[in-house]
Amino acid sequence: MAFGAVDVHREQFAAHGDKYGREIAAMIRRGQGFDPATYRSALEHQQQFRQAMSACFSEVDVLITPATATPAPTAETTGDSKFNSPWSYSRLPTVSLPYAMRKVVCRCRCSSLAASVPTKICCPPRRGSNRS
């Protein structure tokens, strides 16, 4: 994502970098340090992750994960990306739904995927399945 941000924002960041938010500017600066070979390697990993996600969706209809551990951030930042990065990285469609903060306990049903994702994944069984 950082490497792509450099390409998209190259001219604007060079001319108006001081107008970018702290987190976005830091991501662009990180991306400036990557070489094309590192980027190609990341694309290969991304494809492997998408394949793992496809395998998970053969067993479930929906993945439910938290979008954030805190209230929505202010305009200065996009917030902590650790909850949403896997889904942006996978290029899967996502929906964020606001809800009251409360403790939710889920058991992951996609154990092969869980090792690849830095957040806890809740995979409810398909409707009508015999899994508990």
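The numbers here are math on the coordinates, done by the rules we state, and not lab data. Source: prediction; values computed, not measured.
What to note about this one:
- Summed over all non-identical Cα pairs, the Kirkwood treatment of region 5-59 gives a radius of 13.2 Å.
- Kirkwood-based Rg to Rh ratio, region 1-100, C-alpha trace: 1.02
- Rg/Rh (Cα only; Kirkwood hydrodynamic radius) as it applies to region 44-96: 1.03
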